[in-house]
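Please read the structure below before turning to the comments.
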Amino acid sequence: MKKSDILQALARISTDGIMSFSAFTLAYYLRMEWYEVSLFNGLQTITLFPPPNTLFPFSVYLKFVILFTVTLMLVMALQGRYRLGADEKMLDEWQYTFWSITASMTLLLGYFFFTKDYFFSRLIFGLAWVLTVFFIWIGRGLTRLVIKKLHALDWGVQSVLILGSGALAEKVLKGINKQPHYKIAGILTEKKSLRKSWQGLSVWGNFSSLSAVLRREAIDEVWLTESTTTAMTAKIVAASHINHKKFKFFPDELGLDLAAIKVSTFDKFPIITLLNSPLYGWWSFVKYSLDFVFSIGLLILLSPVFFVVSLLVWFTNTKAPIFYRSNRVGADGKIFKCYKFRTMVVDAEAQKAKLITQNERKGGVLFKLAEDPRITPLGHFLRKFSIDELPQLLNIFKGDMSFVGPRPHLVEEVKKYPDHNRQLLSLRPGLSGMAQINGRSSLSFEEEMKHEMFYLKSWSLWLDGVIIIKTFLVVVKGENAG
């Protein structure tokens, strides 16, 4: 392990500690002393918060600042935030630190609950949580900036030996060129070759030359980007470890689905289970529980809206049903009734057969007309702001749908799915999702499936939160309705 990896980890630890302590300290002063701000030499006073009922000295509060800071750093360490050689994207780092801070805050609340110690102020607690997230994100960003500048000076840069010269190796090469903390020292090809260079890089021989190259050249990591025999792979791993080099293997992304990996044992044999999505086990239960709780709350909160919209839909045609029910395909291929406010004329399905030749949706699977004559004037308004989809909260409450997931498609549409897209049927359909925030009904079938498959393979609670926020913005703007 290089000293630079240790120094980078220590920089993160130090920054997190300083930022956490600073955030809690600022929260105290905002609540206890700076709740009023005087402007213009005391002529104008702005009250940020109501005066505290009890003033207590910072010396009493200090031990809880230290307690939280230590707790946070321990939680960060247990969750791998300080591991040596960490290489995370900034958004991933923000996500993981957010949950670490939230978990630490929860532990601190538990401390007050079980010890029945003096609880200073709920406002201080809320301010401290927000400020800690904000401060640590700033600290991590500044640390990244400093490290990036040092990498430009060739400090802490990892020297990589690439094994392979195929299509996957080319993709890895492009990725390395975007990462200043890596540089390619040379290339080894699988078979003997007369080439002395590849993509402007030196070719030092074939895989059999690995041991000699590692002894001769200054290499930090060995990256295998080519499928080879089990015996050769074993030799490559052994040679890397004997020469104290880090070994990394890049499987063929077209032949191996690595959305989620579960490592276990069977009768003392190691087993690697490849799952089609990170959404499994307890995460699936957590997502279902959140859907259930929030659907109940929103159904109660939006009940006046349901009443008013129901009346408006009923007045458009008193003999037609208020709700439109259609068969949709849910998780595991289960058929369920999807609810919407009626936005079309009563005989819409019969008219669809006549309009099918005018379909404007690319791909031939989904049906869409920009100026669909079957939609009522009220229906246009309801669709523009997605109000017609509010009854799907009932589907979420029943467990047929989720707040975020793939779009709930019709049975006849799912029958036209290519085989690889049928993986989406392992998830509950969503009221919103990647397709809805990336074009909605303006997408072709292939574009929609691309977004949905990305969600399947990249799921996280953080991604769900981002999608919900972006959905709100899209709905407010009334973009690509339908």
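The values are calculated or read from the model by the stated rules, or taken from the named source; none is laboratory data. Because the structure is a prediction, the values reported are computed rather than measured. All Cβ positions, even for glycine, are placed from backbone atoms using ideal geometry, and neighbour counts span all protein chains on display.
Determine, yes or no, whether residue 153 is over 19 Å from residue 3 (Cα atoms) and not hydroxyl-bearing (Ser, Thr, Tyr). Walk me through how you get there before you give the answer.
On the way: over 19 Å from residue 3 (Cα atoms): no; not hydroxyl-bearing (Ser, Thr, Tyr): yes.
No; evaluated as a whole, the condition is false for this residue.
Looking at (1) at pLDDT below 80; (2) charged (D, E, K, R); (3) farther than 28 Å from residue 211 by Cβ, which is the only condition residue 287 fails?
All conditions are met except number (1).
(1) buried (at least 18 other Cβ atoms within 10 Å of the Cβ); (2) part of a helix (DSSP H, G or I); (3) in contact with a Phe, Trp or Tyr (Cβ under 8 Å, 6 or more places away or on another chain); (4) among the aliphatic types (A, V, I, L, M): which one isn't true of residue 173, the others all being true?
(3)
Residue under question is residue 411, and the condition is that it be in contact (Cβ under 8 Å) with a residue 40 or more places away in the chain and surrounded by fewer than 19 Cβ atoms within 10 Å (Cβ to Cβ); does it hold? Quick ask: steps written out before the conclusion?
Details: in contact (Cβ under 8 Å) with a residue 40 or more places away in the chain: yes; surrounded by fewer than 19 Cβ atoms within 10 Å (Cβ to Cβ): yes.
Criteria met by residue 411.
Could you list, in sequence order, the residues of region 59-97 that are without any contact (Cβ under 8 Å) to a residue 12 or more places away in the chain, charged (D, E, K, R) and more than 19 Å from residue 23 (Cβ to Cβ)?
Matches in region 59-97: 88, 89, 92.
Just to be sure I understand, how many residues within region 399-450 are small (Gly, Ala, Ser) and not in a loop (DSSP other than H, G, I, E, B)? Steps first, please.
Here is the first cut: in region 399-450, the residues small (Gly, Ala, Ser) are 399, 402, 405, 426, 430, 432-433, 435, 439, 441-442, 444.
The next check asks that each one be not in a loop (DSSP other than H, G, I, E, B); those that pass are 402, 426, 430, 432, 435, 441-442.
Total meeting the criteria: 7.
Could you tell me which residue of region 437-479 is surrounded by the most Cβ atoms within 10 Å (Cβ to Cβ), considering only residues that are under 26 Å from residue 274 (Cα atoms) and of a type in the set (S, T, N, Q)?
460
Within region 176-206, track down each residue that is farther than 17 Å from residue 220 by Cβ, in a strand (DSSP E or B) and not aliphatic (A, V, I, L, M).
189, 197, 198, 205, 206 - these are the residues of region 176-206 that are farther than 17 Å from residue 220 by Cβ, in a strand (DSSP E or B) and not aliphatic (A, V, I, L, M).
Could you tell me how many of the residues in region 247-284 are of a type in the set (S, T, N, Q) and modelled with pLDDT under 75? Lay out the reasoning, then the answer.
So in region 247-284, the residues of a type in the set (S, T, N, Q) come out as 264-265, 273, 276-277, 284.
Imposing the further condition that a residue be modelled with pLDDT under 75 reduces the set to 264-265.
Total satisfying the criteria: 2.
Listed here are the residues, each with its yes/no results for (1) surrounded by 13 or more Cβ atoms within 10 Å (Cβ to Cβ); (2) not in a strand (DSSP E or B).
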| residue | (1), (2) |
| --- | --- |
| 241 | no, yes |
| 247 | yes, no |
| 290 | yes, yes |
| 294 | yes, yes |
| 308 | no, yes |
| 313 | yes, yes |
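Of all the residues that make up region 58-85, how many are farther than 20 Å from residue 139 by Cβ and among the polar types (S, T, N, Q)?
Count: 1.
When you go through 193, 227, 159 one by one, which is the residue that is on the phi < 0 side of the Ramachandran plot, out of contact with any Asp or Glu (no Cβ under 9 Å at 6 or more places or on another chain) and among the small types (Gly, Ala, Ser)? Give the derivation first.
Working: 227 fails: out of contact with any Asp or Glu (no Cβ under 9 Å at 6 or more places or on another chain); 159 fails: out of contact with any Asp or Glu (no Cβ under 9 Å at 6 or more places or on another chain).
It is 193.
Could you tell me which numbered condition residue 136 fails, if it satisfies all but one of (1) in a helix (DSSP H, G or I); (2) touching an Asp or Glu at 6+ places or on another chain (Cβ under 8 Å); (3) of a type outside the set (Ser, Thr, Tyr); (4) modelled with pLDDT under 90?
Failing condition for residue 136: (4).
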